[in-house]
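Working notes, structure below.
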Amino acid sequence: MYQIEYHINIIVLSFQQNLITESQDVSLLADLENAIEQNYKLCMVDIAKVQFLNSNGLNLLIRILTLFRNNGGEMILMNPSESVNKLLIITKLKAIFQIVSSYAEGKKILNASK
């Protein structure tokens, strides 16, 4: 389950549960592609409520990052739990994703990346 909020020039995507299945991937990616077509190029993904993610969840985050970067935009992760942060370190994905702890910090980084 996810929620998308549209701010002035930034999409905030919030996951409400663990990322362990592929069931929502198609509709989520379609929603994000539609937002990109409406000229939203910056995305902040709030994963504070995600306590666990498996390879499907990691794949989804990589696909979102790739989608935005391939369209001239950027995506950052916000508020990873301790367990997700450890997984990002172990998988060496922490070097790929920009990670912030607040909306204000993320907004500053994203607006600077334009």
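From (1) buried (at least 21 other Cβ atoms within 10 Å of the Cβ); (2) within 22 Å of SER101 (Cα to Cα); (3) modelled with pLDDT of 95 or more, pick out the condition that doesn't hold for LEU32.
(2)
Determine if the stretch 56-75 includes at least one residue that is closer than 19 Å to ILE20 by Cβ and not in a helix (DSSP H, G or I).
no
Taking into account only those residues within the stretch 1-47 that are under 15 Å from LEU87 (Cβ atoms), part of a loop (DSSP other than H, G, I, E, B) and among the aliphatic types (A, V, I, L, M), which is farthest from the chain's Cα centre (by Cα)?
The residue in question is ILE20.
Tell me which residues, restricted to the stretch 10-29, are touching a residue at least 12 places away in the same chain (Cβ under 8 Å), loosely packed, with under 14 Cβ neighbours inside 10 Å and among the polar types (S, T, N, Q).
The answer is GLN16, GLN17, THR21.
List, please: which pairs have Cβ atoms under 6 Å, are six or more places apart or on different chains, and start with a residue in the stretch 94-114 that is farther than 14 Å from LEU42 by Cβ and end with one that is among the hydrophobic types (A, V, I, L, M, F, W, C) and not in a loop (DSSP other than H, G, I, E, B)?
LYS94/LEU88; PHE97/LEU77; ILE99/LEU77
Listed here are the residues, each with its yes/no results for (1) surrounded by fewer than 20 Cβ atoms within 10 Å (Cβ to Cβ); (2) modelled with pLDDT of 95 or more.
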{"site": "VAL45", "(1), (2)": "no, yes"}
{"site": "LYS49", "(1), (2)": "yes, no"}
{"site": "LEU53", "(1), (2)": "no, no"}
{"site": "ASN59", "(1), (2)": "yes, no"}
{"site": "THR66", "(1), (2)": "yes, yes"}
{"site": "ILE76", "(1), (2)": "no, yes"}
{"site": "SER81", "(1), (2)": "yes, no"}
{"site": "ASN85", "(1), (2)": "yes, no"}
{"site": "SER102", "(1), (2)": "yes, no"}
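The values are calculated or read from the model by the stated rules, or taken from the named source; none is laboratory data. In this text the structure is predicted, and so the values were computed from the model without any measurement. For neighbour counting, all protein chains shown are included, and Cβ atoms are generated from backbone atoms with ideal geometry for every residue, glycine included.
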